[in-house]
1. Apply the a/c threshold of 1.5 to the C-alpha gyration tensor of segment A:305-401 and tell me whether it is rounded, prolate or oblate.
2. Counting Lys and Arg as +1 and Asp and Glu as -1, what is the net charge of the other residues whose Cβ lies under 14 Å from the Cβ of A:E556?
3. Under a Cβ-Cβ cut-off of 9 Å, what is the net charge of the residues other than A:L182 that fall near it, where Lys and Arg count +1 and Asp and Glu count -1?
4. Which whole number gives the average count of other chain Cβ atoms within 10 Å of the Cβ atoms across peptide A:664-675?
5. Provide, in order from the shortest bin, the percent of all Cα-Cα pairs of segment A:535-672 in each 5 Å bin, continuing until the bin that contains the maximum pair distance.
6. In what order do B:C176, A:C224, B:C162 fall by count of nearby beta-carbon atoms within 10 Å, going from fewest to most?
7. Apply 1/(1 + (r/R0)^6) to the Cβ-Cβ distance of B:S98 and A:W534, taking R0 = 35 Å, and write down the FRET efficiency to the nearest 0.05.
8. Return the inverse of the average 1/r over all pairs of distinct C-alpha atoms in segment B:1-94, which is the Kirkwood hydrodynamic radius, in Å to one decimal.
Amino acid sequence: MGKGRLLFAIACWTFLCFIARAAEKIIVWGPSLGPDSVGMRAVAGEFERRNPNYRLEFLSLGAGGSNPQKLMTAIVGGTPPDVIDQERFTLNDWAARGAFRPLDDLIAHDSLQSRGQFYDAAWQETVWKSRVYGIPTSMDDRALFWNRALFRRESRTLRAAGLDPTRAPRTWSELLAYSKALTVRDSSGRVTRPGFLPNVGNSWLYLYALENGATFLSPDGSRCELASSETVGALDFLQKLYVASGGYENALGLAASFGKDEADPFARGEVAMKIDGDWAVGGLARYAPDLDYGVAPPPLPDDRSGSSIVTWSGGWSLAIPRGARNVEGAWRWITFSTSPEAKRIEWAAQAEYERSRGRPFFPGLSARKDVDALALAEFAPTSPVAREAFARFIGYERYSQPRPITPAAQTLWDEQIRAVDRAASGASTPRRALELAQAAVQRELDAFARASKEPPLDLRAPTILGILGAALGVVLFAAQFPRRYARVRAAEARWGLVFILPWLIGFLGLTLGPMVVSLYLSFADWNALTAPHWAGGSNYAQLWGESRPIFLKSLENVAYVGSLGVPLGLFTSLSIALLLHGSGKGQKWFRPAFVLPSFLPSVAVAALWLWILAPDPARGLVNGWLAGTFHVSPPAWFASRVWSRPAIVSMGLWGSGGGILLWLAGLRRISPNLDEAAAIDGASPWQRLWSITLPQLSPLVFYSVVVGFIGALQQFDQNYVVTGGAGSGPGDTLLTPTYYLFNAGFGYFRIGYAGAIGWSLFLILLLVTAAQFAISKLWVRAEVDG
Amino acid sequence: MKGRRIFRLVVLGGLALLSLVPLLWMLKTSLRGGFGNYSAALDFLPEETLRGWVFFQNSIVVAALAVLGAVLSSSLVAYAFARLQFPGREWLFRLLISSMLLPSAATLMPQFLLYRSLGWIDSLTPLWAPAFFAGATNVFFLRQVFLSLPRELDDAAKIDGCSVPTTFWRIAIPQCRAALGAVAVWTAVAAWNQFTGPLLFLNSPSKMTLPYAIQLYQGARADEPELLMAFLTMAVFPIVLVFLLFQKALFEGVRFGALRDAENTNSNV
């Protein structure tokens, strides 16, 4: 007894400790903490020393602010972090969906937040409907980097083109002229060193459009104006830039082959100029300390030259998700970690650490003027070139504009990228590409407007009705039961029903129920945080209307991979199985080598394949071999719109060995007599294969085709991994319907739209399979024995 | 004849080597610069994951519970469909087969909402619990196996007055150990390899499973192939081991039942 009581007491104590500790935890998502994050650890340590009742827990793996799907899932799932490091331009997006907590009450209580210290561009981004949803931390603006040494070397060429080699281009036409003059081609005319590539560094369409005076949105924010003449002009200019340096496809290949850090193309003089963010100064200071370069304002359109600097800035902020458990602690951490005092602690520790490793320290720009001043005074890079560049970047901050502030910011961002890709690849004209993008953004803006008008939907009534209906069905079924079965059989029938219960419950609860629920919800707008609204057929209208091109593209991708990969996989595995089947004891030894890859986690296969097919011949296995043996410039595989899908097929081919097991089992069942009889009759091995073995295997072939296509249509894991979670790939060639659904569902929590996609997919799958069954009548040998 | 046979073996050997090249390359890359890569790869992981041990542990828990659930539930259900007469058997079985055609993505969203209301988010439960509700493929496979068993024993047991559960447990189950073994192995592999579930339902590093950790690792260490390959080698090793140990059971299992599945697809759907 005494022992039991003691154990109970210990259990209670442990439990209480656990509760107490849990209450003190501040869970912070975002900052990636590695062995090198000495500064961040110093700040965290200081915070915990001053607030002994709090313990910080950083989630550094996987759930950073740059993974919206993960964050949204956690918030909706009721397990959010207390603080999230969030990219600022998306704050509105999250605030509008009710995913973040407004901070005004906390700011009002606190004198530490000195509003005046923040740059306007940064602060504006945190406000949605006049409430503040985040505290800005870092800031990054964009400027033109030009390789001064390279300009000097090429001074004769530049002078010959009438250009001044001692300064950077200031206007668009100058940028084009410099880029043309500095572009180097090999004997076959292929560009080996571009003068300037828009996709190297960090500029995006936003920069060129802003310079051209674009606003992207109507003043009240209700209409998207992405297809304005200013933006079209900017996209036209981007296209010219690509043409000037060897075309878009070549630019994609070059960008994929460029390295990072020491191998940075600008540091190595592989591009003469780039537009990039301030962080690039830090990279150059560390990896190319001797490089002589300059930083200049991004060039302006010719008719605007001479006006003030135009650039855009982004950056991060700390926010508190809705449902966070420790708001008080979260706010303490936010105010402390953004203060100049904490910054000094962080930078001093980090600088000391870098010094001990023989590396230069680069503080980065802040969204606060006082922190910037501290950086410039105490932590600026020591080399004159880098110091000058750093000072210039700080100077440009006050001219910078934020990205458009709208709840559709993420869509706008994604769509402008897609529009550039469409236009630059020649898939459509710049205007058409931008109109498509504009329509997509407008649809989202309209959905926000509509959601606030439609009456909320009550989900309780249909839920109760559904449960009552199911209960009624069971009662009716049970009522019939004794009449139809004699007493002898009744016991067996009862057990039969009991035995299938696991499946029945699972089917009703995890398959049929969800299907019905998703059908119902596909006629509503709901994000699981705010009240649902009736939406009629608008989700289907969108999927088969404005979004049809992208949805069809995803279907085309899986159709491509399926119709190439399924037959190829069948052919390979069947051939190997035939070889194995006739090799006696060899089979036992060789079989595992072929079958093993199909048992590996798809994620591991994709991660491995990403490196096997790495574009850089020095690092990728296949391209190293291609370049070494055939002296050709190898494809960029997953980074190329032409080769990305074949790359997926090749990865699938490696994993297709599982089918060998099926073939071998099938081959064993074929009666050897038939084969021998044919051999005696003088049939050649090929004839026997064609007219005896294959017809006998045809039901298995059919099974494999059906299963193969069902699998191909549902591809997800590997596409997710090879695109780094972005899911689209070059020119959307790696987008799959499942990813499209996943992104709508878990990235944006548009539950209704996801339901519409799911049901459409289901019907398509049904049609494809029905068609396969219809065609199978023509070629599958009927079973004799069943 | 003999020359042909040797030729065949040489071709097979060459192809087998080709099939292993990616794995060999992974191993080779992981050793570029020495064994230090292996410990360096683990240094990066968050402290609370105990150098990745926690991922491993979670994957084992998920796989073990999934195997238990799948073997128990699908053998019960399959036996009922193969051997017991009950009202609605035929159309229920048709329903089961048709459910294999449902794209799993279509049910993800409502399932997430269900798990949320059960408080299962950020726990391992949603990764193994569904296995207790008899997956259609396993039921399909095991039903074929039960059908292929001789009926005489069943009938004898019935005459002796054995109840249905006793017959199931004493007579039917012992006869299809190999097939259950195959179900166990491929359930284990599938549960171990699953990615979408962990991606959706897990947040904390201490709850993550190995494949999810691989993806996160790959994302975070995108530029260090040596470390990534070392991590991959460690992550893939258990699967390779299980595969080599149980490949015979798998092969026999497929031979036993999957074949009939495949051939009966026509007549059943």
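1. On the way: a/c = 2.73, a/b = 1.25, b/c = 2.19.
Cα axes put segment A:305-401 in the oblate bin.
2. Working: positive: A:R548, A:K553, A:R641, A:R645; negative: A:D732.
Summing Lys/Arg as +1 and Asp/Glu as -1 gives +3.
3. On the way: positive: A:K180, A:R193; negative: A:E154.
Net of charged neighbours comes to +1.
4. Mean inter-chain Cβ contacts per residue within 10 Å come to 2.
5. Each 5 Å bin holds this share of Cα pairs: 2, 9, 13, 14, 14, 14, 12, 9, 6, 4, 2, 1, 0.
6. On the way: B:C176 22, A:C224 26, B:C162 16.
Exposure proxy ranking, most exposed first: B:C162, B:C176, A:C224.
7. Details: r = 31 Å, r/R0 = 0.87.
Plugging the Cβ-Cβ distance into 1/(1 + (r/R0)^6) gives 0.70.
8. Details: mean 1/r = 0.0517 Å⁻¹.
It works out to 19.3 Å.
None of the figures in this text is laboratory data; all of them are computed from the coordinates on show. Model, not experiment: these values are computed from the prediction. Virtual Cβ from ideal backbone geometry, glycine too; neighbours counted across all protein chains shown.
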